[in-house]
Structure formats: C-alpha cells, structure tokens
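Below is one structure; the comments refer to it alone.
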Amino acid sequence: MSTATSETAFPAGVLFDLDGTLLDSAPDMLAAVNAMRARRGRGPMPLDTLRPHVSKGSRAMVAVAFADVDPVERETWIPEFLSDYERELGRHGAPFAGVEAMLELLERAGTPWGIVTNKPEYLARLLMPVLGWETRCAVLIGGDTLPVRKPDPAPLLVAAERIGVAPASCVYVGDDERDIAAARAAGMPSVVALWGYRLSEDDPIAWRGDVLVEDAVDLCSADAWPAVR
C-alpha cells in the first residue's frame with residue numbers, strides 16, 4: 001500500500017497511459033512506418049503527419065501512412081508494422097519533458113505508479129529496461145493482457161488492485177479519449193495529458209476528465225492532481 005499522506009497531496013496511486021503520456025514514442029513509430037514505405041518504393045512521411053495518430057494505435061498509423069491502400073490489405077500489414085516497430089523500440093523516442101522528475105516525486109511521496117496501455121504487453125515490457133523503469137513501474141497492463149482493453153475499465157481496475165489502491169484513490173493519466181472514458185467507467189479520477197497526441201478534431205474538454213494539464217512538469221506540483229478519496 002502507498003505511504004503517501006495528505007501532507008504530500010499526491011494520490012495514493014497513479015496509473016499512466018504510455019505512448020503520448022509518459023513516452024514520446026512517435027519517432028520510433030515513424031521509423032517503423034518509413035521502413036514499410038521504403039519497401040514499397042515510397043518516400044518517407046514527415047513526423048508531424050504521423051504524430052497525431054500515434055495514440056490511436058497501429059492500425060490508425062498504418063492507415064495514415066497508406067491511405068490509398070484497401071483497408072483489408074492494410075490489416076494484413078499490422079504484424080509487419082509491429083515487427084519493424086520492435087526493431088526501432090526506444091531508439092528514437094524519449095520520455096516527455098518533466099516525466100522523469102514527476103515520477104521521482106511520486107516515488108519519494110511513496111506513491112506507487114504503473115502503466116495501463118493498449119500497446120501489446122510484450123512491446124511495453126521491452127521498453128521498461130530501455131527507460132530504466134523495469135524495477136520502478138509497479139504494474140504493467142498491455143492491450144492484450146486481458147480479454148478487453150481501454151476504453152473498457154477492466155485494465156485500470158486490475159492494475160489498481162495489483163498495486164493495492166482502491167480505484168477512487170487512484171488517478172489515471174492519459175492523452176486519448178479512450179483513457180478518460182476508461183477512468184470514468186472505473187470510478188477513477190483522471191488527468192487529461194494535453195502534451196500528448198491528438199487529432200485536430202479532438203476536443204479534450206468534451207472528454208470530461210477531472211483535470212486538464214498542459215505539461216508533464218506541471219504534475220510535479222501536488223496541487224495539480226485531482227482530489228481523491
């Protein structure tokens with residue numbers, strides 16, 4: 001159980017989305033997509049074109065990279081994308097500014113933190129030693145760890161149970177509407193990570209998160225977190 005106290009004002013537990021929340025993985029994803037494009041005689045696509053789609057998952061990224069290809073055919077390319085991404089894993093991306101400082105403050109407050117991502121679990125686990133988080137992350141739930149994934153609340157509920165924190169005393173931080181919907185369904189306060197990946201038509205205010213935060217470094221202040229029970 002967490003040793004965080006009301007004096008710190010940090011939550012008793014914190015769960016994070018990974019891509020677009022803790023990790024700026026778009027450069028790794030771009031390298032994977034461009035490897036696929038090169039095999040098909042296509043030039044590289046720019047990072048700014050791919051970045052807004054990263055939190056939507058592998059199918060969304062392959063779709064934007066090959067918008068002219070039949071969706072049924074594109075679906076057969078997903079394993080290729082994941083294989084290319086595994087080769088590029090952690091080579092180009094890095095934690096967002098302020099993330100490391102925030103995690104260190106949570107740890108000093110005695111607040112366990114973990115990751116709930118829709119990324120396949122094996123890929124998320126491969127990243128942990130690259131980032132130096134393998135012994136720090138208290139729980140990791142991937143998109144295929146359970147029979148369901150976000151926006152279903154089950155991954156968040158299982159993660160909270162594993163770190164020994166009641167959902168209402170835990171906070172989930174994510175940059176996608178599915179993250180906030182999952183937190184709400186789990187009865188878990190949420191933080192909308194505005195520094196993450198969003199499409200131009202996304203409206204984070206409409207997601208009804210408890211707190212909207214511009215930069216990860218802002219969460220170094222205990223007052224920036226939503227109130228928990």
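The numbers here are math on the coordinates, done by the rules we state, and not lab data. As the structure is a prediction and not an experimental result, all values here were calculated from the model. Cβ: placed from backbone, ideal geometry, glycine included. Neighbour counts: every protein chain shown.
To the nearest 0.05, what FRET efficiency results for Leu194 and Val64 with a Förster distance of 22 Å applied to their C-beta separation?
0.55
Which residues' amide hydrogens lie under 5 Å from the amide hydrogen of Val171, considering only partners 5 or more residues apart or on another chain, with H built in the peptide plane?
Close amide H contacts, sequence-distant or interchain: Gly13, Val14, Leu15.
From the phi of every residue in the stretch 208-221, what ³J(HN,Hα) in whole Hz does the Karplus formula 6.51 cos²θ - 1.76 cosθ + 1.60 yield, where θ is phi - 60° and glycine or proline is x?
Calculated HN-Hα couplings, in order: 6, x, 6, 9, 10, 10, 6, 9, 4, 4, 4, 7, 6, 9 Hz.
Expected output is a single nm value to one decimal: the length gained when fully extending between Glu104 and Asp144, i.e. 0.36 nm times separation in residues minus the C-alpha distance. What is it?
11.6 nm
With a 10 Å radius around each residue's Cβ, average the other Cβ atoms per peptide and rank 99-109, 32-42, highest first.
Highest-to-lowest ranking by the protection proxy: 99-109, 32-42.
Given [x] 27, 24, 18; [y] 31, 17, 16; [z] 27, 20, 15 as candidate values of semi-axes √(5λ) of the Cα gyration tensor in Å, which corresponds to the one derived from the coordinates?
Of the listed options [x] 27, 24, 18; [y] 31, 17, 16; [z] 27, 20, 15, [y] comes from this structure.
Mind running the shape call on the stretch 66-142? Use the C-alpha gyration tensor, a ≥ b ≥ c as the square roots of the eigenvalues: rounded below 1.5 for a/c, prolate if a/b tops b/c, oblate otherwise.
Cα axes put the stretch 66-142 in the prolate bin.
Sort the following peptides by mean Cβ neighbour count (other Cβ atoms within 10 Å, averaged over residues), highest first: 157-167, 186-196.
Order by mean packing, descending: 186-196, 157-167.
Taking a point 7 angstrom from the Cα of Ala185 along the C-beta vector, which residues in the stretch 9-31 have backbone N less than 13 Å away?
none
Using a 10 Å cut-off on Cβ atoms, rank the peptides 205-211, 66-72 from the highest mean neighbour count down.
205-211, 66-72
Using only Cα atoms, find the angle between the long axis of helix 78-88 and the longest principal axis of the chain, and express it within 0 to 90 degrees, rounded to the nearest 10.
Approximately 70 degrees, to the nearest 10.
Compute the signed sum of charges (Lys and Arg +1, Asp and Glu -1) over the other residues within less than 14 Å, Cβ to Cβ, of Ala182.
-2
Quick one: the Cα spread of the stretch 93-229 along its three principal axes, in angstroms, biggest first?
35, 34, 33
Between the alpha-carbon centers of the stretch 93-170 and the stretch 6-38, tell me the distance in whole angstrom.
Between the Cα centres of the stretch 93-170 and the stretch 6-38 lies a distance of 10 Å.
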